[in-house]
Structure formats: C-alpha cells, structure tokens
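Q: Quick one: this structure, given as structure tokens, is what I'll be asking you about.
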Amino acid sequence: MLERRKYERTPTSIRVELTHPAFGTLVGFTRDISDGGAQVGLESTPVPPVGTVVSVRFHKIVGPINLEPVEMKIVHCNRNVIGLMFMPR
C-alpha cells in the first residue's frame, strides 16, 4: 500500500482541550501526533463536524504544553475519534 502521509506519526497520549464558541470545550487524549496534526479520542459525543476549526491546547500532567491555543481543523471523524490538522499561521 502506498504511504501518502507527509509526516511521521508518533504514538503518544497527551491531554487535549478543544474549544469552539458553538459547543464550548471538549476533552480528549491524543493517540498519535505529527508535525501535520494529531489523532484524538474524545471523551464525549457528539463530535463537531468535519471542517470545523477549533482552538486546541495540549496539556502534560502538570500544566499546558502550549500557553496560547493553536488553531486546528477537523479533517476526519469516526465515532469519537477525530483527525486534527494544524492550520497555517
């Protein structure tokens, strides 16, 4: 099978907070992350629709990894697992 990914994925579990004015804040954990985005399992459903741009904060055990949220776009969804792509600045 032909590999189409631009970036190598790294399996990891990092707490993620996704925020959007329409639904508030959702919490989940990464399954993997790369320079292009992350796959996140959300703790609740329903999930926002594909194409939604959300503000994302990544958290380690004590405190945030990024103080300022980054914009990411939901590019795919399967039940409570979503694919997020980093938006260009």
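The values are calculated or read from the model by the stated rules, or taken from the named source; none is laboratory data. Please read all numbers here as calculations on a predicted model, not as lab measurements. Because the Cβ atoms are built from the backbone with ideal geometry, glycine has one as well, and the counts that use them run over all protein chains shown. Keep in mind that these areas ignore ligands, DNA and RNA; they rest on the heavy atoms of the full protein, side chains included. Shrake-Rupley method; radii C 1.70, N 1.55, O 1.52, S 1.80 Å.
Q: Would you mind telling me the antiparallel percentage of the DSSP bridges in the chain, rounded to 5?
A: 100
Q: Right, something else. In the chain, with Lys and Arg counted as +1 and Asp and Glu as -1 at Cβ, which of these residues, LEU42, LEU26, GLY83, has the Cα nearest the positive end of the dipole, that is, farthest along it?
A: Of LEU42, LEU26, GLY83, it is GLY83.
Q: Skipping prolines and chain starts, which residues have an amide H placed within reach, meaning under 5 Å, of the one on GLY37, given they are 5 or more residues away or on another chain?
A: PHE86
Q: Taking 0.36 nm per residue of sequence separation and subtracting the Cα-Cα distance, how much length would be gained by fully extending the chain between ALA22 and HIS76, in nm to one decimal?
A: 17.6 nm
Q: Ignoring ligands, DNA and RNA, please state the percent of accessible area on the chain from carbon and sulfur, probe 1.4 Å.
A: Working: 3300 of 6170 Å².
Carbon with sulfur: 53 percent of the solvent-accessible area.
Q: Could you compute the net charge surrounding THR30? Neighbours are other residues with a C-beta less than 14 Å from the C-beta of THR30; K and R count +1, D and E count -1.
A: Net local charge, THR30 excluded: +1.
Q: Could you provide, to the nearest whole Å², the per residue accessible area of the chain with probe 1.4 Å?
A: Accessible area per residue: 69 Å².
Q: Which FRET efficiency value, to the nearest 0.05, is calculated for ARG31 and ASN66 with the Förster distance at 30 angstrom and r the Cβ-Cβ distance? Working shown, then result.
A: Details: r = 19 Å, r/R0 = 0.62.
So the FRET efficiency works out to roughly 0.95.
Q: Starting from the exponent 0.38 and prefactor 2.2 Å, build the expected Rg for the stretch 1-65 from its residue count and divide its actual Cα Rg by it.
A: My calculation over the Cα atoms of the stretch 1-65 gives 1.20.
Q: If you plug each phi of the stretch 26-41 into the Karplus form 6.51 cos²θ - 1.76 cosθ + 1.60 with θ = phi - 60°, what whole-Hz ³J(HN,Hα) values come out, in order, with x for Gly and Pro?
A: Karplus values, whole Hz, x for Gly and Pro: 10, 10, x, 9, 5, 9, 7, 8, 8, 5, x, x, 8, 9, 10, x.
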